[in-house]
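Some notes on the structure that comes next.
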Amino acid sequence: MSVEITYFVHGTTFDNEQEISSGWKDVDISPKGIEQSIALKDQVKDKKFDVVFCSDLKRAVHSAKLSFEGTYTIVPDARLRECSYGDFNGKPSEVVESMQESHVTEKFPNGESYEVVKSRIADFLEDLKKNYDGKHVAIVAHKAPQLSLDVLLRGKTWEQAFAEDWRKTHSWQPGWEYILN
């Protein structure tokens, strides 16, 4: 058996609009993010989920509620958080993004590495295997967990995951599909 996963990113935040990399800074979605999250509900109305998981950070919880509340159970999970950039949480994206690929194994000062995020996601996936076999789950979260899924479930290297990230290719879509075997 397997678990079908549809991955959604949270709506645009106030930090996104100011080109700030939030990390664990608990910023909310902006009016644009609210519109995106409400629009997503209609864009995925033909999909059926057994449960919706989301990061416990405000931007993901708010997005998940606007898109799925009243239709599905929403379960916040801290393992789905963005990478903690430590001292660089809430700093300009031009600074943080230029550092990301060099922090795959090396932790950000007082923060995490992408490998730490990958370990959190691997632990989350083990729980999905145990409890949601044969089910279709939705996840609403951030960049680092999605890149971790690309590495864990699609066999990409970190270098490939960063290079092919939809944020760089400007190829957003209403959900990315993954299969957990």
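Just so you know, all these numbers are worked out from the coordinates, no wet-lab data involved. None of these values were measured; they are calculated from a predicted model. Ideal geometry is used to build each Cβ from the backbone, glycine not excepted, and the neighbour counts take in all protein chains shown.
Residue order for Phe49, Phe14, fewest other beta carbons within 10 angstrom first, comes to Phe14, Phe49. Calculated FRET efficiency, Asn181 to Tyr72, Cβ-Cβ distance, R0 = 25 Å: about 0.60 to the nearest 0.05.
Placing a pseudo-label 7 Å from each Cα along the Cα-to-Cβ vector at Asp46 and Lys91 gives an inter-label distance of 4.5 nm. Over the chain, DSSP H runs of length four or greater, each weighted -39,500 (n - 2.57), average out per residue to a 222 nm ellipticity of -12000 deg cm²/dmol. The slack between His136 and Trp24, meaning 0.36 nm per residue of separation minus the straight C-alpha distance, is 37.6 nm. Between Gln173 and Thr105, the modelled labels are 3.3 nm apart [label points 7 Å from Cα along Cα→Cβ]. Grab the other residues whose beta carbon is less than 10 angstrom from that of Ala144, score K and R as +1, D and E as -1, and report the net. Net of charged neighbours comes to +2. Local charge for Lys107 was computed over the other residues whose Cβ lies under 11 Å away, with Lys and Arg +1 and Asp and Glu -1, and equals -4. Placing +1 on each Lys and Arg Cβ and -1 on each Asp and Glu Cβ, with no other charges, gives the chain a dipole about its Cα centre of roughly 400 debye.
Less than 12 Å Cβ to Cβ from Asp165, Lys/Arg counted +1 and Asp/Glu -1: what total charge do the surrounding residues give? Don't jump to the answer; show the numbers that get you there.
Details: positive: Lys143, Lys156, Arg167, Lys168; negative: Glu97, Glu101, Asp150, Glu159, Glu164.
Its environment carries a net charge of -1.
In terms of Cα to Cα distance under 23 Å, which lysines are near enough to Lys58, apart from those fewer than 8 places away along the same chain? Answer for Lys58, where 23 Å is the Cα cut-off: Lys25, Lys32, Lys41, Lys91, Lys118, Lys143, listed by chain and number. A simple spin-label model places the labels of Lys65 and Ser98 3.8 nm from each other, with each point 7 Å out along Cα-to-Cβ.
Percent relative contact order of region 1-151, based on C-alpha pairs within less than 8 angstrom and at least six residues apart?
Values: 289 pairs, mean separation 53.2, N = 151.
Relative contact order comes out at 35 percent.
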